[in-house]
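Notes for the one structure printed next.
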Amino acid sequence: MTNKHEKQITAFWDSFCQETGASGSCPPADQFGDTPALADELLGLVLIGQKQATCELKHWFDSRNIPLPQIGNYWIITNSAGRPKAIIQTTKVDLCAVKEVDDQFAWDEGEGDRSLSYWKSEHDAYYQRQAKQDDFIYTDDMICVCERFKKVWPVD
């Protein structure tokens with residue numbers, strides 16, 4: 001963890017483990033989105049249970065030598081300032097071309113009007129920004145990692 005809120009993140013995880021009986025080392029902590037405003041907006045959707053999925057290019061994982069998410073993995077979601085706010089657990093992982101993402105996944109991701117056209121527009125823009133930053137050419141033929149999750153803490 002390189003987050004300046006590392007102690008808060010560890011304490012958040014420890015509280016979750018004490019309350020739920022979960023165990024294990026502290027999982028990765030990160031935010032959704034690539035801007036502070038988007039991170040806080042998406043966190044809000046997670047907290048109310050509307051956002052139950054996320055999608056990242058497989059290229060992102062491969063280029064950073066990060067393993068793909070696995071069913072049962074935990075992830076601590078932070079706000080834009082890096083403070084821990086929720087713990088999610090992966091429930092399903094599918095790989096497909098970006099252009100093959102379906103209506104149900106767009107709905108489960110919970111963003112905007114939850115339509116596939118909104119999903120496609122926003123994700124194409126996000127992946128284009130990522131391609132510019134990481135110096136690769138984005139196409140909707142690229143493989144994406146469609147991860148479904150459930151918010152497990154805090155419990156409403």
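The values are calculated or read from the model by the stated rules, or taken from the named source; none is laboratory data. Quick caveat, the model's predicted, so the values are computed rather than measured. Counting neighbours? That spans all protein chains shown, and the Cβs are built from the backbone with ideal geometry, glycine included.
Consider Cys26 against the criteria (1) farther than 30 Å from Ser115 by Cα; (2) touching a residue at least 60 places away in the same chain (Cβ under 8 Å); (3) touching a helix residue (DSSP H, G or I) at 6+ places or on another chain (Cβ under 6 Å): it satisfies all of them except one. Which criterion is unmet?
The one condition Cys26 does not meet is (2).
Just the residues that are loosely packed, with under 15 Cβ neighbours inside 10 Å and either small (Gly, Ala, Ser) or assigned to a strand (DSSP E or B) (or both), please, taken from the range 52-71.
Result: Ser63, single match.
What residue, among those in the range 99-127 that are free of Cβ contacts under 8 Å to residues at least 12 places away in the same chain and assigned to a helix (DSSP H, G or I), is surrounded by the most Cβ atoms within 10 Å (Cβ to Cβ)?
Step by step, filter the range 99-127, then rank; the result is Trp107.
Tell me which of these Thr139 doesn't satisfy, since it passes every other one: (1) within 21 Å of Leu68 (Cα to Cα); (2) assigned to a helix (DSSP H, G or I); (3) out of contact with any strand residue (DSSP E or B) (no Cβ under 8 Å at 6 or more places or on another chain); (4) not basic (Lys, Arg).
Thr139 satisfies every listed condition except (2).
Identify, from the list Gly44, Gly49, the residue that is in a loop (DSSP other than H, G, I, E, B), farther than 20 Å from Ile143 by Cβ and not charged (D, E, K, R).
Gly49
Do we find a residue being modelled with pLDDT of 95 or more, under 29 Å from Glu19 (Cα atoms), exposed (fewer than 15 other Cβ atoms within 10 Å of the Cβ) and within 12 Å of the chain's Cα centre (by Cα) anywhere in the range 134-151?
yes
Does Asn79 satisfy the condition of being over 22 Å from Gln8 (Cα atoms) and either touching a helix residue (DSSP H, G or I) at 6+ places or on another chain (Cβ under 8 Å) or at pLDDT 95 or above (or both)?
no
Give the residues of the range 16-34 that are polar (S, T, N, Q) and surrounded by 12 or more Cβ atoms within 10 Å (Cβ to Cβ), sorted by residue number.
Thr20, Gln31
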